[in-house]
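The values are calculated or read from the model by the stated rules, or taken from the named source; none is laboratory data. All values derive from a computational prediction rather than experimental measurement. Because the Cβ atoms are built from the backbone with ideal geometry, glycine has one as well, and the counts that use them run over all protein chains shown. Just the protein is used for accessible areas: all its heavy atoms, side chains included, with ligands, DNA and RNA removed. Shrake-Rupley method; radii C 1.70, N 1.55, O 1.52, S 1.80 Å.
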Amino acid sequence: ALHMRGAAHCRIEGNRFYAVGGNAIYAEDHNTRNLIRNNEISHAGSIGISLAGTRYFYTKRHYPLYNEVVDNHIHHCGVFDKYAPGIFLALSDSNVIGHNLIEHMPHHAINLGNSQYGRNIIEYNEIRDVALQTKDNGAINAWGEDPGGHVQKDADRSGHIIRYNLIVDTHGWDRDEKTGKLGPGV
């Protein structure tokens, strides 16, 4: 519904994104110091909020950079794409994801992608009833794959900070080997 590229110092605040067919807010590549605050995002076809860089080979920094995603209520997203998280970060650095309520999601609440690049801070979020329809998941998903060896994992700013989040009722779905049916904790 809202695609940002090359945006700086913008405020996306006090909006309601309801039943959009794809991603509600998609900040791609060079976005800096934007504030995404106090929005309600519900029934999006895919991701609620995405901060996604697309290149490993920036010489100094990965963008999106220094953005804040705070005080949002994200729920019932992933209507069409069941592997969509409430908030997605990929190849981004120094963003703050804080004080959000994320609930009733088919997959992750927050997905930090497959790169340890950057120092994103995930704090004080309330996460409830997620991983409702998919398996191989968690409330906050982060893994350190780096298929091309682009990340210096022992660098000062490598690795995310995840602290002070409330996580309740993370479900998991498995396939019953006898019946082939998908169900919680089968």
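So the values come out like this:
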{"item": "Matching residues in the range 79-106 - criterion: being under 19 Å from Gly22 (Cβ atoms) and touching a Pro at 6+ places or on another chain (Cβ under 6 Å)", "result": "Lys82"}
{"item": "Residue in the range 106-122 that is at pLDDT 90 or above, within 20 Å of Val69 (Cβ to Cβ), surrounded by fewer than 18 Cβ atoms within 10 Å (Cβ to Cβ) and not hydroxyl-bearing (Ser, Thr, Tyr) present", "result": "yes"}
{"item": "Residues of the range 66-81 satisfying the condition of being open to solvent by less than 10 Å² (accessible area, probe 1.4 Å) and either among the aliphatic types (A, V, I, L, M) or modelled with pLDDT under 90 (or both)", "result": "Val69, Ile74"}
{"item": "Members of the range 33-65 that are at pLDDT 95 or above and of a type in the set (Ser, Thr, Tyr)", "result": "Ser42, Ser46, Ser50"}
{"item": "The listed residue being open to solvent by 60 Å² or more (accessible area, probe 1.4 Å), among the basic types (Lys, Arg) and farther than 25 Å from Glu103 by Cα, out of Arg5, Arg16, Arg37, Arg11", "result": "Arg5"}
{"item": "Spans of strands (runs of 3 or more DSSP E) in the range 1-41 with at least 1 residues of a type in the set (A, V, I, L, M)", "result": "2-5, 11-13, 25-28, 35-37"}
{"item": "Selection count where residues are in a loop (DSSP other than H, G, I, E, B), surrounded by fewer than 22 Cβ atoms within 10 Å (Cβ to Cβ) and modelled with pLDDT under 95, scope the range 82-105", "result": "3"}
